[in-house]
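Trainee: If you scroll down you'll find the structure; I have some questions about it.
The values are calculated or read from the model by the stated rules, or taken from the named source; none is laboratory data. Predicted, not measured: the structure shown is a model, and the values here were computed from it. Positions of Cβ are generated from backbone atoms using ideal geometry, with glycine treated the same way; all protein chains shown enter the neighbour counts. Just the protein is used for accessible areas: all its heavy atoms, side chains included, with ligands, DNA and RNA removed. Shrake-Rupley method; radii C 1.70, N 1.55, O 1.52, S 1.80 Å.
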Amino acid sequence: MKKTFLYLTFFVSVVSIAFIADDLTKYKVNTTEFKKRILNLSSYKQFPGFKFYFTPELKQLGFKLPADEQAAMAKAVGLFAKNFINSANFSKEYEQDLKENMQNTDPNSAEWKERYSNTYQGKLESVQEDIKNAAFVEQLFLMQEMTLTSSKEGLQQMEKSAEGASEEEKKVLSTMKEMFRDGVSNAEATLKLKPLLKSNSAEFCKQYAKILTNIEIKENLRSAKENNASILEQFEEKKDYKANIKTQLQQFLEESADVDFNAKLVKVGSGTAQDFANMEYRDKSKIWKQSFRIGKPATTEFRKIAEEWLKEL
């Protein structure tokens, strides 16, 4: 019996989405793109505005429709969002959407090997041109000596700063120490190549290009790992999308409750811009003002859906 109930629930959900999608099609809404908007919307802890519900085309069309049709359009948009979020596959799609920007961080993968090869080739060609410039050669090793000295000093300072630091501060210091260690090792490796520049310039170019490539690839890998860690952290914060939607609905209902749809507008400035004649209305929230712009019929439908949806969450 339970399985039958779940199957019926799923079936009704799918049919509802398909039926409402047909309604949206007549309003020139790309339902695939609209789903992407809703997936994005669901990660917000505040109502971000109607731009997630109304594409520019939909917004332009809405102002041309009679009041009853504006209400019907708003109902179709609102119910599509609600039914999609309530559908059986939404949770999976939501998680996938949040993590789709995760980057590959395996240096031994084909992707990173190709990046290494391309980076190395670019560095090699650059170094081969640079060593033709006497000023570059003169400054190169001088700068490496300065980098070696400053990196060693920085490393010592980090060691001192670690004493009595909090766990969070130690994480930051650990990253900085790694960067200073890299500075020391890279400077030392480059300075060792100094004799090779005169005895075998071609080999010097190859060796120095490898050092430069390793530096760039390592930094890119570090950035990719930090990006992934940030995405995972965001996922933990945003995975409770139902709580996010509930907060948004409450905010929308609170801030759209007292919209004066008969408010007068007056021209401001020398252009065509308008603002509320009532000065108090000019300080109203974005939701209040956007509700005024889309009109009473559409706002009323959105409020009905929001109220019903809140009861279900």
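Trainee: Could you grab the pairs with beta carbons closer than 6 Å, sequence gap of 6+ or different chains, first residue in the stretch 238-260 and on the phi < 0 side of the Ramachandran plot, second one at pLDDT below 90 and open to solvent by 50 Å² or more (accessible area, probe 1.4 Å)?
Mentor: K242/L313; N244/K45; K246/L313; T247/K45
Trainee: Pairs please, first residue from the stretch 104-126 and closer than 16 Å to E219 by Cα, second anywhere and in a helix (DSSP H, G or I) and among the acidic types (D, E), Cβ atoms under 7 Å, 6+ apart in sequence or on different chains.
Mentor: Qualifying pairs under 7 Å: N104/E111; T119/E216.
Trainee: What pairs come out if I take residues in the stretch 155-173 that are without any contact (Cβ under 8 Å) to a residue 40 or more places away in the chain and pair them with residues that are charged (D, E, K, R) whose C-beta lies under 7 Å away, six or more apart or interchain?
Mentor: L155/K177; L155/R181; M158/K177; A162/K170
Trainee: Only one of (1) open to solvent by 70 Å² or more (accessible area, probe 1.4 Å); (2) modelled with pLDDT of 85 or more fails for V127. Which number is that?
Mentor: (1)
Trainee: Q248 fails exactly one of the following numbered conditions: (1) open to solvent by less than 80 Å² (accessible area, probe 1.4 Å); (2) modelled with pLDDT of 95 or more. What is the number of that condition?
Mentor: (2)
Trainee: If I ask for residues that are in a helix (DSSP H, G or I) and of a type in the set (G, A, S), which ones from the stretch 51-91 would you list?
Mentor: Just the residues of the stretch 51-91 that are in a helix (DSSP H, G or I), to begin with: 51-52, 56-62, 67-86, 90-91.
Selection gives G62, A67, A71, A72, A74, A76, G78, A81, S91.
Trainee: Select from the stretch 126-140 the residues that are assigned to a helix (DSSP H, G or I) and either within 11 Å of Y208 (Cβ to Cβ) or among the aliphatic types (A, V, I, L, M) (or both) and list them in ascending order. Full working, then the answer.
Mentor: First pass over the stretch 126-140, keeping only residues assigned to a helix (DSSP H, G or I): 126-130, 134-140.
Within the stretch 126-140, S126, V127, Q128, D130, A134, A135, V137, L140 qualify.
Trainee: Let me ask something additional. Specify which of the listed residues (A67, A72) is open to solvent by 20 Å² or more (accessible area, probe 1.4 Å), in contact with a Pro (Cβ under 7 Å, 6 or more places away or on another chain) and either within 19 Å of I294 (Cβ to Cβ) or at pLDDT 80 or above (or both).
Mentor: Values: A72 fails: in contact with a Pro (Cβ under 7 Å, 6 or more places away or on another chain).
None of the other options fit; the residue is A67.
Trainee: Take the residues of the stretch 153-168 that are in a helix (DSSP H, G or I) and open to solvent by less than 100 Å² (accessible area, probe 1.4 Å): which is farthest from K218 (Cα to Cα)?
Mentor: Filtering the stretch 153-168 for residues that are in a helix (DSSP H, G or I) and open to solvent by less than 100 Å² (accessible area, probe 1.4 Å), the one farthest from K218 (Cα to Cα) comes out as S161.
Trainee: Continuing with this model, one more query. For the stretch 218-240, state whether one or more residues are open to solvent by less than 70 Å² (accessible area, probe 1.4 Å), under 23 Å from the mean Cα position of the chain (by Cα), of a type outside the set (D, E) and within 27 Å of E312 (Cα to Cα).
Mentor: Start the filter on the stretch 218-240 by keeping residues that are open to solvent by less than 70 Å² (accessible area, probe 1.4 Å), which leaves 220-224, 227-231, 235, 238.
Right, trim to under 23 Å from the mean Cα position of the chain (by Cα) and you get 220-224, 227-231, 235, 238.
Next, from what is left, pick out any that are of a type outside the set (D, E): 220-224, 227-231, 235, 238.
Retained after the next criterion (residues that are within 27 Å of E312 (Cα to Cα)): 235, 238.
Yes, the stretch 218-240 contains a residue that is open to solvent by less than 70 Å² (accessible area, probe 1.4 Å), under 23 Å from the mean Cα position of the chain (by Cα), of a type outside the set (D, E) and within 27 Å of E312 (Cα to Cα).
Trainee: Look through the stretch 258-313, keep the residues that are of a type in the set (A, V, I, L, M) and within 29 Å of the chain's Cα centre (by Cα), and return whichever of them is farthest from F54 (Cα to Cα). Even if it seems obvious, please write down each step before you answer.
Mentor: To start, the set of residues in the stretch 258-313 that are of a type in the set (A, V, I, L, M) comprises 259, 263, 265-266, 268, 273, 277, 279, 287, 294, 298, 305-306, 310, 313.
If we keep only those that are within 29 Å of the chain's Cα centre (by Cα) too, we end up with 287, 294, 305-306, 310, 313.
Working: I287: 14, I294: 10, I305: 16, A306: 16, L310: 21, L313: 24 Å.
So, considering only residues that are of a type in the set (A, V, I, L, M) and within 29 Å of the chain's Cα centre (by Cα), the one farthest from F54 (Cα to Cα) is L313.
Trainee: A further question follows. Are any of the residues in the stretch 197-210 of a type in the set (A, V, I, L, M) and within 23 Å of N108 (Cα to Cα)?
Mentor: Kept after step one, since they are of a type in the set (A, V, I, L, M), are these residues of the stretch 197-210: 197, 202, 209.
In the following step, the residues that additionally are within 23 Å of N108 (Cα to Cα) were identified as 209.
Yes, that holds for at least one residue.
Trainee: Which of the numbered conditions does G269 fail, given that it passes all the others? Conditions: (1) out of contact with any helix residue (DSSP H, G or I) (no Cβ under 6 Å at 6 or more places or on another chain); (2) free of Cβ contacts under 8 Å to residues at least 12 places away in the same chain; (3) at negative phi.
Mentor: Checking G269 against (1) out of contact with any helix residue (DSSP H, G or I) (no Cβ under 6 Å at 6 or more places or on another chain); (2) free of Cβ contacts under 8 Å to residues at least 12 places away in the same chain; (3) at negative phi, the one that fails is (3).
Trainee: Six or more apart or on different chains, Cβ atoms under 6 Å: show the pairs whose first residue is in the stretch 192-211 and closer than 18 Å to K123 by Cα and whose second is open to solvent by 70 Å² or more (accessible area, probe 1.4 Å).
Mentor: As it stands, the answer is C205/Q128, since those pairs meet every condition given.
Every residue, every condition in (1) within 17 Å of K242 (Cβ to Cβ); (2) among the acidic types (D, E); (3) crowded, with 18+ Cβ neighbours inside 10 Å; (4) at pLDDT 65 or above, yes or no:
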| site | (1), (2), (3), (4) |
| --- | --- |
| T9 | yes, no, no, no |
| I17 | no, no, yes, no |
| N30 | no, no, no, yes |
| N40 | yes, no, no, yes |
| G49 | no, no, no, yes |
| Y53 | no, no, yes, yes |
| E57 | no, yes, no, yes |
| Q60 | no, no, no, yes |
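Trainee: Now for a separate question. Test E308 against the criterion of being within 30 Å of T105 (Cα to Cα) and of a type in the set (D, E), and give yes or no. I'd like the intermediate steps shown before the answer.
Mentor: Values: within 30 Å of T105 (Cα to Cα): no; of a type in the set (D, E): yes.
Criteria not met by E308.
Trainee: Within the stretch 298-313, which residues are over 20 Å from Y241 (Cα atoms), open to solvent by less than 40 Å² (accessible area, probe 1.4 Å) and not charged (D, E, K, R)?
Mentor: Listed by number, the residues that qualify are A298, T299.
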